[in-house]
Structures are given as structure tokens and as C-alpha cells.
Amino acid sequence: MEKQLVIGFIGNGKSTNRYHLPFVLNRPEKIRVKTIYQRRVRHDIWPAIDGVHYTEDIDALLQDPEIQAVVLSTPAGSHVELARQVLEAGKHCVVEKPFAVSTAEAEEIFALARAKGLMVQCYQNRRFDSDFLTVQQVIASGKLGELYEVNMHYDYYRPEVPERAESFSREEAFLYTHACHTVDQVLSFFGEPDAVHSDVRQLLGAGRMNDYFDLDFDYGARNLKVSVKSSYFRAKPRPSFAVYGRRGVFIKQTEDRQEADLKKFYLPKGHDDFGIDLPEHYGTLTYYDEQGGYHEEKVPSVRGDYARYYDALYETIVHGAPPLVTEEQTMAQMRILEQAGKSLLTAM
């Protein structure tokens, strides 16, 4: 039997119960969730899980010698202080995204981890989105030829969200809470760009919630541009991915379906069809082959699985494998978000 990784959570809200526990609990042979800390334990929204100890005493988690790693699933503004407590207690730390609200805060967390000889890592589960994995497969096939442009969209039509926000908060900005998904996807697959151009807005006016961003990543040496665009005011969403190459284009209209299933409490455990695209969700690949022949075909989607983040975490902590999400990638993301958000700060 494999050695188990024993972990705890700080925070017991939507993020913990929707984006972490359904996947951690799907790997019982590798990982055991022992303790969840919450300032006030309640189970009216999220039911208690059998075998997990819930506590209002954070020291019951931090001082438990059996717990090797702690996952922070709390608002971004609390990450620095809580990560400091976890690391000072001698435990590895996983920090929900956004990792921090400034590069200075992020560097403080990493510096302490290095000093303690511990691992701290951002939770970038979206690297295992089905649409993103499918795009990687299509690019690797070579059918698009030399890559020129990639457009990534993360759209909503939820006008009531920015309309009810009467003030601006950087840690709750759309840029920080959502670009942290897509910017990491860009960095993880394409690497750090030569330059970033940003257009970040408050469509309802200065001092209101940030509800729009458009980031362009310039990879000059490869003659490639990658764009990440999001808005709260898209009544009809743009394609999740549009990938253009010298010989063709791949369009994936719909996003990964894991989140949609989670929102319906249709969980991965016991459901073999969890998060799987149906044929109508498949992307379309259109290209010319080397002989000039025209092709148009549906591409079956690669299966997404957020539990793969925890598989990688297990390998890092138990077997010493390199971290899935590196310090360099997280710091690059923090620099990009901080620079892009400067226009919002001056608009307050």
C-alpha cells in the first residue's frame, strides 16, 4: 500500500467543498483529509464528511504532527498571514488562487518557505480543464502548422454582480479572481512572454467593480500572440479557445464541464461521466494538409480531471518530484496581474 499524504484545510466554504474535496476524496489510497478548520463550524450549507474532524481551534490543525500539508481555501487578503502560520508550524502549504494580491506578498510567502525548507504552491487546478488539454493535443498534432494566434475567453452574462458592487477592491477584482486561471494556463504551456499588453476596465465607471479584462501576450521570437479576454457582460460567450496556425484553425466553443457538474452536486465519485463532453461539445479542427487537401473534423475532447493536481502534489511531497506549479510561474503571474491592474488602482 502506498504511503498516505495527510492534509488539512483552512476554510470550509464553496472553494473547499466544490473545487477541492470532491477530487481529494477521490484519491483515498493516496490522500487523507484529517482536519478542516473553520472560524465557526456549521454544516447547514456544506454537510460534514464522514471521517473528517471539523474544528474552530486552528492550533488543532497546525500543531497536529500527522498533518503534512495544509490547503488555504480562504479569501486572497488572508493568504499571507495564514500561509505564514502554516509554514511556521512546519507544514507544506497549498494556496488557493489568486495566490496573493501583490508581488511583494507573494515573495514574502515564497521566501519563508525557502527558509523553512518547505513547499508552498498555488492551486492551479485549471491546468486540467478539458478544453485546455484538448487544445494542447491539437497543437501537438502539428495539423495547424506554425502557430500564430491563440484567443482564450472566459465569459459570463451576470450584470447583477458588478451592478451591486458599489466600490473597488483589488483582491476581489475580476482580474485577480479570474485571470489567475487563464494566465496560468498561458504561462504553463507557452512560457513567460516577451511582453504583455493589457486593457483592464470598470465598465460601470471608475471606483466600481472591475468587470472586464483583455491581456495580450507577445511571444516575439515565435511570432505568436496569445490573448486572454473576459467580461461579465457577454450575453453570448465567445469560443473558449480559438487557435490559429499557418495551415488551419481549431475552435472549441464550450468550456470544461467539471464546474457545471459540480454546481449541480454531480460529483466525480461514483459518476463515470462526470465532466465529460458530449459530441455536441467537441471542438472543430479545420486545416489544409501538406498536399493542399481540405479537412474539417470534430475532435473528441480530452478528459479533464482536477484530481490530477493532487496526484502531482502527492508526488512532490511524498516522492520529492518537482512542484507542478513553480515559484517562477506564480511570481510571473503576480507581476502580470499587478502591472495590468495599475489602471484600476488609479481609477479609485
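None of the figures in this text is laboratory data; all of them are computed from the coordinates on show. From a predicted model like this one, the values you see are computed outputs, not experimental measurements. FYI the Cβ positions are ideal-geometry reconstructions off the backbone, even for glycines, and counts take in every protein chain you see.
Summary table
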| item | result |
| --- | --- |
| Estimated distance in nm for a label pair at Leu203 and Lys3, the labels positioned 7 Å out from Cα along Cα-to-Cβ | 5.1 nm |
| Protection-proxy order for peptides 216-228, 170-182, each taking the mean of Cβ atoms within 10 Å per residue, highest first | 170-182, 216-228 |
| Taking the chain and dividing mean pair separation by its residue count, relative contact order in percent (alpha carbons under 8 Å, at least six apart) | 19 percent |
| Intensity falloff of region 21-97 expressed as log10 I(q)/I(0), Debye formula with alpha-carbon point scatterers, at q = 0.13, 0.15, 0.22, 0.23 Å⁻¹ | -0.40, -0.54, -1.21, -1.31 |
| Net length gained if the chain between Glu81 and Ser102 were fully extended (0.36 nm per residue, minus Cα distance) | 6.2 nm |
| Paramagnetic label zone (point 7 Å from Cα along Cα-to-C-beta, Glu296; backbone N under 20 Å) in region 219-253 | 239-253 |
| Which label in (i) 1.11; (ii) 1.22; (iii) 1.02 gives the computed Cα Rg over 2.2 N^0.38 Å | (iii) |
| Backbone HN-Hα couplings from phi across region 188-197 [Karplus 6.51/-1.76/1.60, Hz, Gly and Pro as x] | 5, 9, 9, x, 6, x, 6, 7, 10, 10 |
| Shape of region 74-181, Cα gyration tensor, a/c cut at 1.5 | oblate |
| Net charge of neighbours whose Cβ lies under 9 Å from the Cβ of Asp184, counting Lys and Arg as +1 and Asp and Glu as -1 | +3 |
| Placed amide H near Tyr148: partners under 5 Å, 5+ positions off or other chain | Tyr244, Gly245, Arg246 |
| Qualifying chymotrypsin sites (Phe, Trp or Tyr not before Pro) for region 294-343 [loop in DSSP, other Cβ within 10 Å: at most 13] | none |
| Distance between modelled label sites at Val318 and Asp214, nm, 7 Å Cα→Cβ extension | 4.7 nm |
| Given charges at Cβ of Lys, Arg, Asp, Glu: region 152-292 dipole, positive-most of Gly191, Ser167, Gln291 | Ser167 |
| Between helix 79-88 and the chain: long-axis angle, C-alpha atoms, 0 to 90°, nearest 10 | 50 degrees |
| Cα centroid separation, region 106-170 to region 281-333 (Å) | 12 Å |
| Loop-resident sites, region 210-294, for GluC sites (Glu not before Pro), counting at most 11 other Cβ within 10 Å (DSSP) | Glu290 |
| Residue-span extension gain [Ser141 to Ile251] - 0.36 nm each, minus C-alpha spacing | 38.1 nm |
| Distant-in-sequence amide H partners of Thr254 (H built 1.01 Å from N, under 5 Å) | Ser240 |
| DSSP beta bridge pairing in the chain, given as percent antiparallel to the nearest 5 | 55 percent |
